[in-house]
1. Taking the criterion of being part of a loop (DSSP other than H, G, I, E, B) and in contact with a Ser or Thr (Cβ under 8 Å, 6 or more places away or on another chain), would at least one residue in the stretch 132-143 satisfy it?
2. Within the set of pairs 6 or more residues apart or between chains, which connect a residue that is on the phi < 0 side of the Ramachandran plot and charged (D, E, K, R) inside the stretch 47-62 to a residue that is within 9 Å of the ligand (Cβ to nearest atom) and assigned to a loop (DSSP other than H, G, I, E, B) with Cβ atoms less than 6 Å apart?
3. Can you tell me which residue is nearest to the ligand (Cβ to nearest atom) among those in the stretch 88-114 that are open to solvent by 40 Å² or more (accessible area, probe 1.4 Å) and within 14 Å of Tyr44 (Cβ to Cβ)?
4. Look through Leu41, Leu117 and report the one residue that is closer than 20 Å to Met17 by Cα, touching a His at 6+ places or on another chain (Cβ under 8 Å) and open to solvent by less than 30 Å² (accessible area, probe 1.4 Å).
5. Kindly check whether there is at least one residue in the stretch 118-129 that is assigned to a strand (DSSP E or B), among the hydrophobic types (A, V, I, L, M, F, W, C) and within 8 Å of the ligand (Cβ to nearest atom).
Amino acid sequence: MERLTLGAAEMGVLAHMMRKVELFSPLTVGQLEKVLPHVMLCSYAQGEKVFKRGSAGDAFYIIYKGKVDVRIRRLLLLWKKVASLGEGEFFGETALISDRPRSATVICAEPTLLFTLLASDFKFILHENPAAAEEMQSIATQRKFLTSHAK
Ligand code: CMP
């Protein structure tokens, strides 16, 4: 993983994604301005793990470019892919919302750029936006259900 500098173009894309994509739309300009400077842009190689199932959740991710696979271990050497996520989609919310370890391993299916928000900033956003918090909670519950029932 390599941390990149966020240029004006990426800042613009991120602000746009946070406004348009799913759940951050209720953010006021002021709230967005508070969070944006804390967002990191990180580059991952194909096959690189973002994190492992069972590890502590310390960040939330929005996919800027690329694709990730969400997977769980079935048997000692067997993996099951439970989802594939692409540009504009996000992951890593479940551990942060439930204060539990990561529910799955996330691995980059191709070279990938991720916007990364530390847990404290993610929680700040949800705290300021009850509607977003509710939507995030329901997405996390649904994903947890799907993953725990994956065969
Ligand atoms: P978290 O538990 O923090 O870490 C693993 C992440 O994978 C999880 O949050 C979700 O963001 C994501 N995830 C788990 N299961 C699914 C699923 N069925 N569909 C999409 N994303 C998932």
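The values are calculated or read from the model by the stated rules, or taken from the named source; none is laboratory data. Because the structure is a prediction, the values reported are computed rather than measured. With ideal geometry, Cβ positions are generated from the backbone for all residues, glycine too; neighbour counts draw on all protein chains shown. The accessibility values were calculated without ligands, DNA or RNA, using every heavy atom of the protein model including side chains. Shrake-Rupley method; radii C 1.70, N 1.55, O 1.52, S 1.80 Å.
1. No, the conditions are met nowhere in the stretch 132-143.
2. Between residues of the stretch 47-62 that are on the phi < 0 side of the Ramachandran plot and charged (D, E, K, R) and residues that are within 9 Å of the ligand (Cβ to nearest atom) and assigned to a loop (DSSP other than H, G, I, E, B), the close pairs are Arg53/Arg102; Arg53/Ala104.
3. Among those residues, the one meeting the criterion is Glu110.
4. Just a single option satisfies the conditions, and that option is Leu117.
5. no
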